[in-house]
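The values are calculated or read from the model by the stated rules, or taken from the named source; none is laboratory data. Bear in mind the structure is a predicted one, so any value in this text is a computation, not a measurement. FYI the Cβ positions are ideal-geometry reconstructions off the backbone, even for glycines, and counts take in every protein chain you see. SASA here: full protein model, heavy atoms, side chains in, ligands and nucleic acids out. Shrake-Rupley method; radii C 1.70, N 1.55, O 1.52, S 1.80 Å.
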Amino acid sequence: AVNAALQSVALHQQNIHGTVSLGTGATVCIHLLPAVLLALRQAWPQLTVGVKTGNTQEIVRAVEENRIDIGLVTLPVRSKILHVTPVMQDEFVLISAASLHAETLAFTPARCAENPLIVFESGSGTGQLIESWFLAAGVELNPVMELGSIEAIKRMVRAGLGYSIVPRMAVNLVEDRDGLNVHSLEPALYRTLGRVMRQDRVINRGIHEVIHHLEEAVNAPADKGQQQSCGNA
């Protein structure tokens, strides 16, 4: 009851100031957050939004320990003290160097395994989803590189050192896929991004505005309509 009363009062603040902390993965930080943070700064210049990057486990732990207000991570997430809200779906695609022959056939796990594969470092939610995609087809994953940075992966692929499977968000814009071919996967593979917050978190106006701007960003029409919303968060 006390939390409900505090939240009701907090949402009627006229001036928005203070600090809101947001945790997410590097891909979301690079390809989704800049526009969100700019819009927030223009609308509420006295509001400071701090950003921390890490894998899903690190961000979830930080939210549970009250070190981060909001987490935007790859689901599933299981926690007794967090409220988990699916936000959007992002398709995975295979990328190769544009200098290589651009095949139009979809890439199956078996076809992908025939090529030198560059993957996300083990322990990340994205990496685990990709590994499960191979295992479901009975294909053992033997990557030639494991990297923690999406931009490092794309640079290695552009150089012709291998292929990679990445979220489409990372190659949605023309400038993001410069020097790359983008291929569909068969069967299709998606990840669900979700917002995680402590259940006892009082949602003040600052947090409310951050959530609102995130929702607008993920529901905005994407390049070629590839990002899919999971509904209102």
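Here are some notes:
- Label-point separation, A98 to Q57 (7 Å along Cα→Cβ), nm: 3.8 nm
- With the biggest extent put first, the Cα atoms of region 48-135 measure 49, 31, 22 Å across the principal axes.
- The mean sequence separation of alpha-carbon pairs under 8 Å and at least six residues apart, normalised by the residue count of region 110-212, gives a relative contact order of 26 percent.
- Residues F120, F107, ordered by accessible area of protein heavy atoms at a 1.4 angstrom probe radius and largest first, appear as F120, F107.
- Distance between the 7 Å Cα→Cβ label points at E146 and E121: 1.0 nm.
- Figure legend: label point modelled 7 angstrom from the Cα of D178 along Cα→Cβ; residues of region 130-160 with amide N under 20 Å from it are 150-160.
- Estimated [θ] at 222 nm from DSSP helical runs (n ≥ 4, -39500 (n - 2.57)) normalised by residues in the chain, nearest 500: -9500 deg cm²/dmol
- Phi angles of region 67-75 translate, via the Karplus equation with coefficients 6.51, -1.76, 1.60 and θ = phi - 60°, into HN-Hα couplings of 8, 9, 6, 10, x, 10, 9, 7, 8 Hz per residue; Gly and Pro are given as x.
- Projected area, mean over directions - the chain, Cα convex hull, nm²: 13.3 nm²
- Per-peptide average of other Cβ atoms within 10 Å, ordering 140-147, 19-26 highest first: 19-26, 140-147
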